[in-house]
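Right, one structure below, let's go through it.
The values are calculated or read from the model by the stated rules, or taken from the named source; none is laboratory data. Fair warning: this is a prediction, and the values are worked out from it, not measured in the lab. As a convention, Cβ positions derive from the backbone with ideal geometry for all residues, glycine included, and neighbour counts pool all protein chains shown.
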């Protein structure tokens, strides 16, 4: 995966990371189309996504010079972590502290 995947024009500062949350299905497995309110609730419950940018100091303040996540990694994060942001590309992103990443997920 290319290291330049940040199309949001949001560049995290300090120890923040920018996550592109996984898309939320608009249909159930059986094919029922969900109403907008249900879709919005599912978006708020999303806790997985892809790291698209990392602030300059990333994990330095934790004394760990080896970052536990890098751009392009699929990660899980705390449900209430970060702040929702609108990217210049029309996507919704989450800007959060690096420490809010709980795990890197194997593809």
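In region 11-19 there is at least one residue that is at negative phi and modelled with pLDDT under 90. Looking only at residues of region 78-91 that are surrounded by fewer than 16 Cβ atoms within 10 Å (Cβ to Cβ) and touching a residue at least 60 places away in the same chain (Cβ under 8 Å), we find that the one that is nearest to residue 16 (Cα to Cα) is 85.
Criterion applied to 75, 24 was being surrounded by 15 or more Cβ atoms within 10 Å (Cβ to Cβ) and modelled with pLDDT under 75, and the one residue passing it is 24.
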